[in-house]
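Visitor: Got a structure for you, questions after.
Quick note: the coordinates plus some simple rules give every number you see, no bench work behind them. Just so we're clear, the structure is a prediction, and the values are computed from it rather than from any experiment. For neighbour counting, all protein chains shown are included, and Cβ atoms are generated from backbone atoms with ideal geometry for every residue, glycine included.
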Amino acid sequence: MTRATAAAAGVAADEEVRRAVEEKPVVVVGRRGCCMAQVARRLLLGQGANPAVLEVGDDAADPAALVSDKAGAVVAFPAVFIGGRLVGGLDRLMAMHIAGELVPVLKQAGALWL
């Protein structure tokens, strides 16, 4: 793959992520081959949500930069978006779950039918 083709593929992936975050209540974005995106997916499935899981290549931008213009936001993959907003990584998702904050956020985003 040429550098121009790789750059075009990166732009297409970035646009796909932006579109999914705008259209779907819950999105998990992970690097291709990373098992942590599946851990986030299983946690969300266990709560009754059905997240869209997108895998991006190593040439993908910072997950926060994919949908946010905030400078200085540092988020590791997998990045979790709920209701069009960046929640954070797997550590933040687990912290929300343990604190009892995850289900209310999922309900507010329309990801749960309870």
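Visitor: Run the quick spin-label model on Val39 and Glu16: label points 7 Å from Cα toward the beta carbon, then report their separation in nm to one decimal.
Guide: Each label point lies 7 Å from its Cα, and together they span 2.4 nm.
Visitor: Excluding Lys24 itself, what net charge comes from residues whose Cβ is under 14 Å from its Cβ, given Lys and Arg +1 and Asp and Glu -1?
Guide: Numbers: positive: Arg18, Arg19, Arg41, Arg85; negative: Glu16, Glu22, Glu23.
Combined, the nearby Lys, Arg, Asp and Glu give +1.
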